[in-house]
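A.B. asks: Sharing a structure, written as structure tokens. Questions coming.
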Amino acid sequence: MIHRLIDASLNNRFLIVMLWGLALGVGLYAMRTLPIDAVPDVTNVQVQVLTNSPGLAPEEVERYITFPVETSLSGIPNVEEIRSISKFGLSVVTVVFAEGTDIYWARQQVGERLTAAKAQIPSGYGEPQMGPISTGLGEIFQFEVKGPGYTPMERRTILDWIIAYQLKSVPGIVEVNSFGGELKCYQISLDPREMRKHEITLHAVFQALRENNRNVGGAYIVRNSEQWLIRGEGLIEGKKDLETIVIQRSQRGSPLTLGHIARVELAPMVRQGAVTRDGRGEAVIGIVMMLAGANGRVVVERVKKRIAAVEKTLPKGVTIEPFYDRTELIDKTIATVATNLLEGGALVVLVLFLLLGNIRAGLIVALAIPLSMLVALVALERMGYSGNLMSLGAIDFGLIVDGSVVIVENIVRYLHEHRDDRQTPLLEKVRAASHEVGRPVVFAVLIIVIVYPPIIALSGIEGKLFKPMAFTVVWALVASLLLSLTLMPVLASLVLRGRVSERETPVIRLARWLFRPLQRVTMRLRVVTVVVTL
């Protein structure tokens with residue numbers, strides 16, 4: 001089989017060159033589209049159920065919200081763990097699914113069960129909702145909303161209703177979280193004395209607010225061949241609308257409004273904690289959350305472009321100042337990986353030239369490095385992994401060029417030894433030389449590849465960390481093996497024309513000079529050598 005593969009390659013040299021040229025193009029495309037990140041994302045497949053219930057103590061949150069939600073979510077297929085946290089006014093239930101579960105299927109199952117959970121939660125205690133489809137590495141961009149002369153409430157309002165609203169439409173963004181500032185609310189401070197005086201209950205106030213905060217339709221009338229739409233507009237739009245809401249009417253018919261029994265004002269919602277930055281006092285910040293599995297580098301670039309457009313719509317004096325950008329970390333990681341790969345590749349090429357002693361042969365072997373890497377990138381991209389410090393930093397160029405070195409070096413040796421044979425065509429000499437070492441090359445590479453299946457079999461966090469690295473190395477080795485059996489003989493038959501001489505380089509002569517005395521000593525002292533080795 002190995003010999004037939006070599007023969008098929010040499011018999012169809014143009015086709016082999018074209019196929020590897022196609023692989024080069026596909027690899028370059030995969031290199032542009034491969035998701036790039038700093039480190040692997042080890043977040044498991046999980047769905048969070050969040051319930052906001054202001055005013056409830058942790059014990060009440062646990063009893064009335066968390067427990068019913070956990071009970072409803074029990075029994076979902078592929079669930080490995082359900083854990084929860086009950087805090088003041090907040091319930092967080094996390095459902096962890098088995099590795100490999102489709103996140104959208106998991107959210108569908110949780111969403112179906114939440115219907116039963118909502119029925120068990122008392123009215124007015126909050127409505128459970130699923131969290132965004134993001135991961136632990138989802139925070140890709142953070143910024144501060146600055147505006148001299150603007151209050152924290154005004155800046156928070158600008159963030160919530162202008163900036164976040166537009167950023168959520170960026171492809172790859174699932175949520176923009178707002179922190180700091182003051183959440184704008186209309187606060188109604190009731191006067192107990194006035195309520196007692198007019199015999200008004202809290203229930204009456206709540207009912208009046210509900211009934212006076214809606215628009216209703218009233219069909220239409222036809223007048224002079226025109227259709228006039230009738231509707232009642234009652235949506236509250238400001239402080240004045242609240243103050244003029246009628247609570248009840250006296251026996252004489254005079255209205256008693258909310259402004260008579262309460263003080264209506266703008267006030268911040270009760271909050272816990274605040275955000276500060278650089279010791280300058282309170283700040284208003286936004287955190288952009290990325291969709292799980294998206295390309296962080298591409299999404300951040302989209303966010304930057306949208307922010308540049310959003311800034312043109314902000315009130316005068318308000319600016320957006322980024323202080324965390326994931327691309328900075330990604331760029332530094334890429335620079336580290338690229339530097340290591342380039343330096344490692346250059347060192348390998350230099351050693352090839354020093355050992356082979358033939359520039360043409362060295363250049364042929366050096367082609368195995370970029371081609372194998374590009375094939376590995378194609379495999380990573382198709383398998384849904386990202387390029388990061390773990391998956392790309394583990395490539396060993398010495399392993400990649402091993403098979404190609406053996407093939408090309410033996411071809412050079414064979415051509416040198418049969419340089420006087422002018423009857424045999426160059427193609428047949430290359431074929432014979434490749435046949436001699438084809439089987440050892442395959443076995444040598446497969447022995448290295450067989451080390452990685454245990455790593456590929458890892459699961460959980462270990463699997464997320466090391467499986468991409470193992471797959472990258474395996475695919476690079478498989479690509480290098482195919483290169484050594486197909487493209488290397490073809491290029492040798494095309495490039496190594498004319499007189500090819502094999503001579504020992506100074507490095508090889510030095511190695512022989514050091515090796516032979518050591519070999520003689522160890523062969524004389526065989527027992528000592530074995531004992532020392534053990």
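The values are calculated or read from the model by the stated rules, or taken from the named source; none is laboratory data. These figures come from a predicted structure and were not determined experimentally. Ideal geometry is used to build each Cβ from the backbone, glycine not excepted, and the neighbour counts take in all protein chains shown. Side chains included, ligands, DNA and RNA excluded: accessible areas come from the protein's heavy atoms. Shrake-Rupley method; radii C 1.70, N 1.55, O 1.52, S 1.80 Å.
A.B. asks: Might you let me know whether the stretch 1-24 holds any residue that is outside any loop (DSSP other than H, G, I, E, B), in contact with a Phe, Trp or Tyr (Cβ under 8 Å, 6 or more places away or on another chain) and not aromatic (Phe, Trp, Tyr)?
C.D. replies: No, every residue in the stretch 1-24 fails to be outside any loop (DSSP other than H, G, I, E, B), in contact with a Phe, Trp or Tyr (Cβ under 8 Å, 6 or more places away or on another chain) and not aromatic (Phe, Trp, Tyr).
A.B. asks: Spot the failing condition for Ala338; the list is (1) over 30 Å from Lys146 (Cα atoms); (2) buried (at least 18 other Cβ atoms within 10 Å of the Cβ), and only one is missed.
C.D. replies: The number of the failed condition is (2).
A.B. asks: Right, here's the next one. Take the residues in the stretch 274-293 that are surrounded by 15 or more Cβ atoms within 10 Å (Cβ to Cβ) and not in a loop (DSSP other than H, G, I, E, B), then tell me which one is farthest from the chain's Cα centre (by Cα).
C.D. replies: So, considering only residues that are surrounded by 15 or more Cβ atoms within 10 Å (Cβ to Cβ) and not in a loop (DSSP other than H, G, I, E, B), the one farthest from the chain's Cα centre (by Cα) is Val284.
A.B. asks: Would you check if Leu342 is touching a Ser or Thr at 6+ places or on another chain (Cβ under 8 Å), under 30 Å from Leu483 (Cβ atoms) and among the hydrophobic types (A, V, I, L, M, F, W, C)?
C.D. replies: In short, no.
A.B. asks: Please find, among Ala346, Ala361, Ala394, Ala366, the residue that is open to solvent by less than 10 Å² (accessible area, probe 1.4 Å), farther than 30 Å from Arg302 by Cβ and among the small types (Gly, Ala, Ser).
C.D. replies: Every option except Ala361 fails the conditions.
A.B. asks: I would also like to ask the following. Find the helices (runs of 4 or more DSSP H) located wholly in the stretch 450-529 whose residues include 2 or more that are under 28 Å from the mean Cα position of the chain (by Cα), and list them.
C.D. replies: Qualifying helices (runs of 4 or more DSSP H): 453-456, 460-485.
A.B. asks: Among residues belonging to the stretch 27-58 that are in contact with a Phe, Trp or Tyr (Cβ under 9 Å, 6 or more places away or on another chain) and among the β-branched types (Val, Ile, Thr), point out the one that is farthest from Met469 (Cα to Cα).
C.D. replies: So the residue we want is Thr51.
A.B. asks: If you don't mind, another one. Within the stretch 68-108, can you find the residues that are among the β-branched types (Val, Ile, Thr) and in contact with a Lys or Arg (Cβ under 8 Å, 6 or more places away or on another chain)?
C.D. replies: Correct list: Ile76, Val93, Thr94, Val96.
A.B. asks: Here are some residues: Ile163, Ile121, Ile200. Which one is under 20 Å from Thr51 (Cβ atoms) and touching a helix residue (DSSP H, G or I) at 6+ places or on another chain (Cβ under 7 Å)?
C.D. replies: Ile121
A.B. asks: Also: Pick from Val412, Val401, Val375, Val408: which is surrounded by 21 or more Cβ atoms within 10 Å (Cβ to Cβ) and in contact with an Asp or Glu (Cβ under 8 Å, 6 or more places away or on another chain)?
C.D. replies: Just one listed residue meets the conditions, Val412.
A.B. asks: Kindly list the number of the only condition in (1) of a type in the set (S, T, N, Q); (2) under 27 Å from Thr276 (Cβ atoms); (3) at pLDDT below 80 that fails for Asn358.
C.D. replies: (2)
A.B. asks: Quick one: in the stretch 136-161, which of the residues that are surrounded by fewer than 21 Cβ atoms within 10 Å (Cβ to Cβ) and small (Gly, Ala, Ser) is farthest from Asp37 (Cα to Cα)?
C.D. replies: Gly149
A.B. asks: Can you tell me which residue in the stretch 415-444 is surrounded by the most Cβ atoms within 10 Å (Cβ to Cβ), limited to those that are modelled with pLDDT under 85, of a type outside the set (A, V, I, L, M, F, W, C) and assigned to a helix (DSSP H, G or I)?
C.D. replies: This residue is His416.
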